[in-house]
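Here is the structure we will look at.
The values are calculated or read from the model by the stated rules, or taken from the named source; none is laboratory data. Everything numeric here is computed off the predicted structure, so don't read it as measured data. A quick note on method: Cβ atoms are made from the backbone with ideal geometry, for glycine too, and the neighbour counts reach across all protein chains shown.
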Amino acid sequence: MILSAIAAKLKQRAQRDFRGRHYEAALIIQAVAWYLRYPLSYRDIEELFLERGVEVDHSTLNRWVLAYAPLIEKRLRQFRKPHCGSIRIDETYIKVRGEWRYLYRAVDKHGNPVDFLLTAHRDLDAAKRFFRKILSAEPLFAPDRVGTDGAGTYPPAIAESRKEGLLPRMPLHYVTKHLQQGIESDHFRVKKNMPRIGGFQSFHTARRTIQGFEAMLWLRKGFGFAGAWTVREQNQLLGVCFGLQAVNKT
């Protein structure tokens with residue numbers, strides 16, 4: 001009875017999610033997942049669908065990604081495990097309209113995702129905003145160890161978070177290049193699919209698309225489920241999030 005009610009609720013939500021679209025919901029999610037998972041351009045995906053007799057313009061694919069990437073991130077976020085208490089924080093460069101912007105990212109010592117934030121500047125205010133986002137998302141799981149690079153903005157950002165009551169105690173803050181290598185290599189997994197020529201064309205586009213890249217990386221890493229974690233199973237979970245349990249069933 002309960003499972004039937006949950007399935008009915010998911011189906012109603014899926015109808016709202018795809019209302020007004022001229023293509024099947026499963027096809028839309030498949031296209032968005034391809035773009036976020038693999039280093040494919042919109043024109044590449046347009047050709048892939050054309051090979052299967054389905055005509056989808058690359059501009060339509062772009063609109064789908066901007067519409068559904070944030071939804072994917074929102075719905076997969078609920079499956080993430082709490083971090084282990086020891087986190088690494090770093091920022092990487094993202095080009096938007098020919099200018100460098102900054103993607104703050106955090107993972108725990110096992111490589112499990114913690115959170116991310118795209119900002120226009122790399123300064124104390126941006127670091128404080130990132131800590132605020134991390135700590136407000138999981139207030140009961142404040143880190144006891146925080147690893148960063150040598151940027152001078154992190155110590156005052158941690159202190160300010162403690163003053164605002166977001167941290168129950170001051171975590172041990174350490175600066176080490178060796179332990180930061182894990183998150184630096186993790187940056188590549190997110191950035192490998194991003195536009196290589198000219199970067200993103202707007203901050204809005206970058207923010208929404210990066211939400212999808214991060215969420216797809218969460219999906220690929222897994223959520224602690226037992227057994228194998230194949231692409232088919234990943235797509236099945238993605239389908240369930242949108243009330244499409246039959247996605248990629250065959």
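Can you name the residue in the stretch 149-201 that is touching a helix residue (DSSP H, G or I) at 6+ places or on another chain (Cβ under 8 Å) and farther than 19 Å from VAL114 by Cβ and, of all such residues, is surrounded by the most Cβ atoms within 10 Å (Cβ to Cβ)?
The qualifying residue surrounded by the most Cβ atoms within 10 Å (Cβ to Cβ) is PHE200.
Does ARG80 fit the bill of being of a type in the set (Lys, Arg) and in contact with a Pro (Cβ under 7 Å, 6 or more places away or on another chain)?
On the way: of a type in the set (Lys, Arg): yes; in contact with a Pro (Cβ under 7 Å, 6 or more places away or on another chain): yes.
So ARG80 passes the test.
Restricting attention to the stretch 63-116, which residues are within 20 Å of MET170 (Cα to Cα) and not in a strand (DSSP E or B)?
PRO82, HIS83, CYS84, GLY85, LYS109
Hey, among the residues in the stretch 9-25 that are surrounded by fewer than 17 Cβ atoms within 10 Å (Cβ to Cβ) and at pLDDT 85 or above, which one's nearest to LEU61 (Cα to Cα)?
Restricting to residues being surrounded by fewer than 17 Cβ atoms within 10 Å (Cβ to Cβ) and at pLDDT 85 or above, the top hit is TYR23.
Applying the selection to the stretch 39-66, what residues are within 17 Å of the chain's Cα centre (by Cα) and modelled with pLDDT under 95?
Of the residues in the stretch 39-66, the ones within 17 Å of the chain's Cα centre (by Cα) are 39, 64-66.
Once the filter is applied, which keeps residues that are within 17 Å of the chain's Cα centre (by Cα) and modelled with pLDDT under 95, the stretch 39-66 yields only PRO39.
Given the residues LYS95, LYS74, which is the only one that is surrounded by fewer than 17 Cβ atoms within 10 Å (Cβ to Cβ), closer than 22 Å to GLY222 by Cα and either in contact with an Asp or Glu (Cβ under 6 Å, 6 or more places away or on another chain) or of a type in the set (D, E, K, R) (or both)?
Numbers: LYS95 fails: closer than 22 Å to GLY222 by Cα.
Going through LYS95, LYS74 in turn, the sole match is LYS74.
Go through the residues of the stretch 117-135 one by one and say whether even a single one is over 20 Å from LEU172 (Cα atoms) and in contact with a Leu (Cβ under 7 Å, 6 or more places away or on another chain). Write out each step before concluding.
Within the stretch 117-135, the subset over 20 Å from LEU172 (Cα atoms) is 117-123, 125-126.
Cutting the leftovers down to in contact with a Leu (Cβ under 7 Å, 6 or more places away or on another chain) gives us 118.
There is at least one residue in the stretch 117-135 that is over 20 Å from LEU172 (Cα atoms) and in contact with a Leu (Cβ under 7 Å, 6 or more places away or on another chain).
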